[in-house]
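Notes follow the structure.
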Amino acid sequence: MQDNTGRMVRFGHEYRTEAPVESFGKKASILAEMSSLGIPIPPGFVLNVSVCEDYFRNSRQLSPDVPQLLRNGISFLEKTTGLSFGNERKPLLVSVRSGSAISMPGAMETVLNVGLNNDTVKGLIAQTGNPRFAWDSYRRLLESFGKTVFSHNPEHYSDPLGEIMEKEGLSEESELDFVSMKYLSRDYEHIFHNLSGRKFPEDSYEQLELAVAAVLESWMGPKAQEYRKIETNVKARGTAVTIQAMVFGNRGMHSGSGIAFTRNPWSGENKFLTDFKFGVQGEDVVSGYQGSTTKINMIEVLPDVYADLVKFGKLLEGHYRNMQDIEFTVQEGKLYILQSRNGKRAPFAALRIAVDMYEERLLDPESALDQLDGIDLDAIITQEIISKDMAIGKGDSASTGITSGMIVLSNDKAENLSDEGMLIFVRDMPSPEDIKGIKASNGYLTARGARTSHAAVVARQMGKVCIVNCTDLHINSNSEKCCIGKKEFIEGDIISIDGNSGYVYEGEVEVRTEKPLELLSRIEEWKRLSGRT
């Protein structure tokens, strides 16, 4: 439901509304549609793209009407959730996300857990009976606010976290107890104060306005500008801002967050694919900071939730007649869909998916050809290693293909050497900050991260071979060296990565290539039928 000004739309709960893409962004438009389809989403509201245009027109200041728009939206969320924003007993917390008319995975910012402070964290403990969850959520907000709103160096927050995990002999953040989480929260408060010259804002509405401004600011941030520079066909006026009631993947044993694809985005196989991690919030998975478990673990622990996820995924794929990329959170055994969009896919996967969806009568020839617009069909090949030495490492395949090249360890080095030959961009974890290096390289190899992280999605869309979560890889960025297995390499050394299997090899490998002639023949048939020859 739109407000009288047309500057805000509410969605979720009993509201069945429309949010035009050009005015409210693709994310909110799809959220409104999902609500109408009966798919479980957290209730929310979205600010018109015109708010972004006004922000930059007004020397990066929020328009005078924005504070009242936010209060009206929060009032709607309070009514639908029974919680109260800034309340010490039953606090409402919200997420603040970007959302332009075009999909830009990981290019803009998100702030979660807005509304927490020293008072409301105590209310969250009383409300949930879970002090670990409450302090974890608070320290996440402090870190996110510092990095996203005040541009603090992430290492100021990640270093203390790493130190306490090392001290306690832990490998996962989810293993830290509430005492450690509370200690980190207090430590982060001091870090924030020292770096910002002010205390962390206790007023929930001040937090919300600052978070909205930070999301708008990210429209002109380096990641978003680089993405628009690469994707020259991308046209959009700015970003909308979507605010939703928080749902928590870090709340308990039967909570977690993940990404699902209704078909395999690198092979095109008609097989539901899920990356899910217990005890984390969604940004942990898509950021690339953490790896994830596969659907097998989810099926074993949450079989009913997984069945619902598949059901809603197929409903969305049929509705949009396209493979879907779905972000979701499970809070104490209840599924919430946070976002769905047409999934980015490797060129071969796009070809296979178009043919399969035509065979399944989801697409006609015209629609199938439209899904292949912009793809160089003549360049699509399948590859297989003929002769190879013993692999030196293995990770999770995130985009198929085989490539060899010189190791590069930084975006700048990748750009500088892009004309010197084939490159493999080697990183500790996949990050949207790597978009320049991904573009300049032929392959992308990371030591950590999930197959569905934003950076892996971008690599896949660009047709780059990609392997993530290669635990045999260890990088020493200071000395421009890395180790894969027991072998040490320096920048410029040659390695090969096999995105079909996830294996990494020293030196070059001999490869057999073939064209998928049977699939390509179907495209020629469609072109004749549609008169596009």
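Read through the list (1) modelled with pLDDT under 95; (2) in contact with a strand residue (DSSP E or B) (Cβ under 6 Å, 6 or more places away or on another chain), then give the number of the only condition that Gly106 fails.
Only one criterion in (1) modelled with pLDDT under 95; (2) in contact with a strand residue (DSSP E or B) (Cβ under 6 Å, 6 or more places away or on another chain) is unmet by Gly106, namely (2).
Can you name every residue in segment 1-25 that is closer than 27 Å to Asp308 by Cα and at pLDDT 90 or above?
Arg10, Phe11
Looking at segment 385-405, which of the residues that are surrounded by fewer than 22 Cβ atoms within 10 Å (Cβ to Cβ) and of a type in the set (A, V, I, L, M, F, W, C) is farthest from Gly485 (Cα to Cα)?
The extreme case among them is Ile386.
Go through (1) without any contact (Cβ under 8 Å) to a residue 24 or more places away in the chain; (2) more than 18 Å from Ala349 (Cα to Cα); (3) not β-branched (Val, Ile, Thr) one by one and return the number of the condition Leu473 breaks.
Here Leu473 clears every test but (1).
Yes/no matrix, rows are residues, columns are (1) closer than 30 Å to Pro154 by Cβ; (2) of a type in the set (Asp, Glu); (3) touching a helix residue (DSSP H, G or I) at 6+ places or on another chain (Cβ under 8 Å):
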site	(1), (2), (3)
Phe24	no, no, yes
Phe56	yes, no, yes
Ser59	yes, no, no
Gly86	yes, no, yes
Leu92	yes, no, yes
Ser100	yes, no, yes
Ser103	yes, no, yes
Thr110	yes, no, yes
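Pro303: more than 26 Å from Gly256 (Cβ to Cβ) and not charged (D, E, K, R), yes or no?
Spelling it out, it is not the case that Pro303 is more than 26 Å from Gly256 (Cβ to Cβ) and not charged (D, E, K, R).
Out of the residues in segment 373-384 that are touching a residue at least 12 places away in the same chain (Cβ under 8 Å) and surrounded by fewer than 17 Cβ atoms within 10 Å (Cβ to Cβ), state the one that is farthest from the chain's Cα centre (by Cα).
Here the residue is Glu384.
Yes/no per residue for (1) modelled with pLDDT of 95 or more; (2) assigned to a helix (DSSP H, G or I):
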residue	(1), (2)
Tyr188	yes, yes
Ala214	yes, yes
Thr232	no, no
Val241	yes, no
Gln244	yes, no
Trp266	no, no
Ile299	no, yes
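Do any strands (runs of 3 or more DSSP E) lying entirely in segment 458-527 carry at least 2 residues that are touching a strand residue (DSSP E or B) at 6+ places or on another chain (Cβ under 6 Å) and open to solvent by less than 20 Å² (accessible area, probe 1.4 Å), and which ones are they?
465-468, 481-484, 494-498, 503-506
Name the residue that is surrounded by the fewest Cβ atoms within 10 Å (Cβ to Cβ), counting only residues in segment 409-429 that are within 24 Å of the chain's Cα centre (by Cα) and part of a strand (DSSP E or B).
In this case the residue turns out to be Ile424.
For a quick check of your reading of the model, give me the residue pairs whose first member lies in segment 55-76 and is of a type in the set (Asp, Glu), whose second is open to solvent by 100 Å² or more (accessible area, probe 1.4 Å), with beta-carbon atoms closer than 7 Å and at least 6 apart or on different chains.
Once the first residue is of a type in the set (Asp, Glu) and sits in segment 55-76, no partner that is open to solvent by 100 Å² or more (accessible area, probe 1.4 Å) comes close enough.
Looking at Tyr188, Tyr205, Tyr183 in this structure, which one is over 24 Å from Phe85 (Cα atoms) and aromatic (Phe, Trp, Tyr)?
Tyr183 is the lone residue from the list that is over 24 Å from Phe85 (Cα atoms) and aromatic (Phe, Trp, Tyr).
Evaluate the following for Glu332: is it on the phi > 0 side of the Ramachandran plot and open to solvent by 10 Å² or more (accessible area, probe 1.4 Å)?
Numbers: on the phi > 0 side of the Ramachandran plot: yes; open to solvent by 10 Å² or more (accessible area, probe 1.4 Å): yes.
When the stated conditions are applied, Glu332 passes them.
Of the residues Arg89, Arg140, which single one is basic (Lys, Arg) and in contact (Cβ under 8 Å) with a residue 40 or more places away in the chain?
Arg140
Show the residue pairs that are 6+ apart or on different chains and have beta-carbon atoms under 9 Å apart, the first residue being within segment 149-170 and surrounded by 12 or more Cβ atoms within 10 Å (Cβ to Cβ), the second being at pLDDT below 90 and acidic (Asp, Glu).
Close Cβ pairs satisfying both conditions: Leu161/Glu173; Met165/Glu172; Met165/Glu173; Met165/Glu175.
Which numbered condition in (1) at pLDDT 95 or above; (2) open to solvent by 10 Å² or more (accessible area, probe 1.4 Å); (3) over 19 Å from the mean Cα position of the chain (by Cα); (4) not β-branched (Val, Ile, Thr) is the only one that Glu143 fails?
All conditions pass for Glu143, except number (3).
Is there any pair with a first residue in segment 440-451 that is surrounded by fewer than 22 Cβ atoms within 10 Å (Cβ to Cβ) and a second that is at pLDDT 95 or above and β-branched (Val, Ile, Thr) whose Cβ atoms are under 6 Å apart and which are 6 or more apart or on different chains, and what are they?
Going by the 6 Å Cβ cut-off, the qualifying pairs are Asn442/Thr403.
Could you run through segment 113-131 and say how many residues are in contact with a helix residue (DSSP H, G or I) (Cβ under 7 Å, 6 or more places away or on another chain) and either open to solvent by 20 Å² or more (accessible area, probe 1.4 Å) or among the acidic types (Asp, Glu) (or both)?
Qualifying residue count for the region: 3.
Among the listed residues Ser387, Ser404, which satisfies the condition of being over 18 Å from the mean Cα position of the chain (by Cα), more than 12 Å from Val468 (Cβ to Cβ) and at pLDDT below 90? Give the steps one after another, and end with the answer.
Numbers: Ser404 fails: at pLDDT below 90.
From the options Ser387, Ser404, the qualifying one is Ser387.
Is there a residue in segment 252-262 that is part of a strand (DSSP E or B), of a type in the set (Phe, Trp, Tyr) and crowded, with 23+ Cβ neighbours inside 10 Å?
The answer is yes; a qualifying residue exists.
Here are some conditions: (1) closer than 22 Å to Ser530 by Cβ; (2) out of contact with any helix residue (DSSP H, G or I) (no Cβ under 8 Å at 6 or more places or on another chain); (3) modelled with pLDDT under 95; (4) acidic (Asp, Glu). Asp396 meets all but one. Which one does it not meet?
Every listed condition holds for Asp396 apart from (1).
Being open to solvent by 70 Å² or more (accessible area, probe 1.4 Å), farther than 21 Å from Gly279 by Cβ and in contact with a helix residue (DSSP H, G or I) (Cβ under 6 Å, 6 or more places away or on another chain) is the filter here, so list the residues in segment 171-212 that pass it.
Within segment 171-212, Lys199 is the sole residue that qualifies.
Would you point out which residue out of Gly449, Gly463, Gly421, Gly437 is touching a Leu at 6+ places or on another chain (Cβ under 9 Å) and of a type in the set (Gly, Ala, Ser)?
Just a single option satisfies the conditions, and that option is Gly437.
What's the number of the condition Leu70 fails, among (1) at pLDDT 95 or above; (2) out of contact with any strand residue (DSSP E or B) (no Cβ under 6 Å at 6 or more places or on another chain); (3) closer than 20 Å to Phe178 by Cβ?
(3)
The values are calculated or read from the model by the stated rules, or taken from the named source; none is laboratory data. What you see is a predicted model, and the numbers here were worked out from it, not measured in a lab. Ideal geometry is used to build each Cβ from the backbone, glycine not excepted, and the neighbour counts take in all protein chains shown. The accessibility values were calculated without ligands, DNA or RNA, using every heavy atom of the protein model including side chains. Shrake-Rupley method; radii C 1.70, N 1.55, O 1.52, S 1.80 Å.
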